[in-house]
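Contents: one structure, followed by commentary.
The values are calculated or read from the model by the stated rules, or taken from the named source; none is laboratory data. This is a predicted model, so every value here is computed, not measured. Every residue, glycine among them, receives a Cβ derived from its backbone with ideal geometry; neighbour counts consider all protein chains shown. Remember, those area values only see protein heavy atoms, side chains included, never the ligands or the DNA or RNA. Shrake-Rupley method; radii C 1.70, N 1.55, O 1.52, S 1.80 Å.
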Amino acid sequence: MRLKPSMCKVLPVGISALIALGTFSVSAQNAPSATDAMAPVAAMGGGQTTGPLTPCPGAISKTRPYTDVFKTEFTTLKGQEQNGGFGESVASGDFDRDGYTDIAVGATGEEKVYIYRGTKDGISSSPSVVLKGEKEKSEFGRSMTVGDINGDGYADVIVGAHSFDGGLGTHQGKLYVFLGGPKGVSDKPAQSIEGEHKGDEYGRTFAVYDMDGDGINDLLTGASGYNGDQTYQGKVYIYRGTRNGLDTKPWFTAVGEHSDDEFGRAVTAADLNHDGHMDLIVGQPGLTGGGRQAGVTIPGTMHVFYGSAKGLSPTANFKAVGEMVKGHLGEGLSGVGDVNHDGYDDVAIGARDFSCGDGAPGKLYLYLGGAKGLSMDRVWALPGKGGAGVGRTMAPAGDLDGDGFADFLSAAPMGTAERGAGVYIFFGGATTWGKDPIVITSDEASSGIGFGVFSAGDINKDGAPDIVIGAPTGGGRQGWVRVYYGKIASLNKPAAAK
């Protein structure tokens, strides 16, 4: 059955409503590994120093404690192995349809994904099932998302192994679909799809939305290393969800325009112009891996493909180019709901290596939706603090403070709290969003806090939205995940103007 436009829209229905249903998730799918206002492009100086860092003009200067919107007590889950990467990716959904949100945690070094059930007392301390990769060094669990892709009412888990070699060579990549059901997530994949070439890094990033408006979620995935007629140009695929699972023939594809683009390093969707059709948003940060960056002068770009009754536009309708070379605009990217409560979905994007003064604090941009979609005159921008690279990961958060405006998360996972590392919570408003964010920090140096970050629904069913964050190199490099429980009952609460 085809849903009416008002029923098909994913984010405009209210990100809080999706969180309450446990059907929306964001993971560290577009983040680099933890273990290893717009202006013309300009090269700006900078570099890490060991002393205090000079802040960027207009940067985050004042933050608040997490207890402003979360309960003091939180649940901590700990990794099982040294260098196991526990918490490098996280996602949430109701896998057994018992009314409680469950969570999935990727442990890349272990090649495993752990499933934890939600209960009336919060998240269980022991996993109910463990999903395992089929090959060593495939990085199974580095990327992950959750959504009901067969329309049976149970959330399913999609896991990526972007270094998988299926016979074409290293980093070919592969994705796996593990179905939810009355007993929870099956430990055997129902489907899998492999990348087209060696080096594609297929399955590096995921998102789940109903892109064709048929009432069943579809899967978006990126192969940022895809080599077509140019090297590292990148490619994005959309697979339709059906009652029988994913249709393995892509419904839509798009490729990067130039070599070294890494088009598809991040993917998301939203109804930016409120026309009842989902729009595709793709991050293209430019080369982000080690020595491959030498000599590359790419600032990063966000591409938007608008949807219509005929489907997605075959070419990008809107592009936003980063303001500095190697700023890596587009590595962190997410639809974040209606932050300014004007009736249109908004998009948050990060340039995690934006630098100024003597540091690389990163920079966040919030593009506001409108009747014609996105435009360059409706952008709010905010530099991070210190040198931890805010904007590496993004996630919607629902309405954490109960004021009727959508809030969102962004992580700066590198370094120490003193130098700005942490998970930042930005609060929506009619005219601003960056004033006095909450920051959640780690007492450990280099814990990688926020490589995994996402909204977690209402795990304990108290009416307040919860979040989960991962620190894959915390806890003596065993990794940890924490569930923070909201204390302001805002889910399904009508929006109100500030």
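For this structure, a couple of remarks:
- Filtered by the rule that a residue be under 23 Å from Ser447 (Cβ atoms) and charged (D, E, K, R), segment 78-135 gives Lys78, Glu81, Glu88, Glu110, Glu111, Lys112.
- Positions within segment 446-490 being touching a Pro at 6+ places or on another chain (Cβ under 6 Å) and either surrounded by fewer than 24 Cβ atoms within 10 Å (Cβ to Cβ) or assigned to a strand (DSSP E or B) (or both), in sequence order: Ser455, Gly486
- Residue that is nearest to the chain's Cα centre (by Cα) [pool: residues in segment 103-144 that are among the charged types (D, E, K, R) and buried (at least 24 other Cβ atoms within 10 Å of the Cβ)]: Arg142
- Residue match in segment 257-270 (condition: over 24 Å from Ser355 (Cβ atoms), surrounded by fewer than 21 Cβ atoms within 10 Å (Cβ to Cβ) and modelled with pLDDT of 95 or more): no
- Out of Ala489, Ala445, sole residue that is within 22 Å of Asp353 (Cβ to Cβ), over 22 Å from the mean Cα position of the chain (by Cα) and either at pLDDT below 95 or charged (D, E, K, R) (or both): Ala445
- Hits in segment 151-162 (condition: touching a Lys or Arg at 6+ places or on another chain (Cβ under 6 Å) and surrounded by fewer than 24 Cβ atoms within 10 Å (Cβ to Cβ)): Gly151, Gly153, Tyr154
Here's the yes/no breakdown for (1) buried (at least 24 other Cβ atoms within 10 Å of the Cβ); (2) under 22 Å from the mean Cα position of the chain (by Cα):
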residue: Pro299; (1), (2): no, yes
residue: Gly311; (1), (2): no, no
residue: Asn340; (1), (2): no, yes
residue: Leu366; (1), (2): no, yes
residue: Gly370; (1), (2): no, no
residue: Met376; (1), (2): no, no
residue: Val379; (1), (2): no, yes
residue: Gly384; (1), (2): yes, yes
residue: Arg392; (1), (2): yes, yes
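- Residue within segment 120-132 that is among the acidic types (Asp, Glu) and either under 27 Å from Val236 (Cβ atoms) or part of a strand (DSSP E or B) (or both) present: no
- Here is the figure for segment 84-102: residues that are under 20 Å from Lys137 (Cβ atoms) and either assigned to a strand (DSSP E or B) or open to solvent by 20 Å² or more (accessible area, probe 1.4 Å) (or both) total 4.
- Positions within segment 405-426 being polar (S, T, N, Q) and farther than 18 Å from Leu333 by Cα, in sequence order: Thr416
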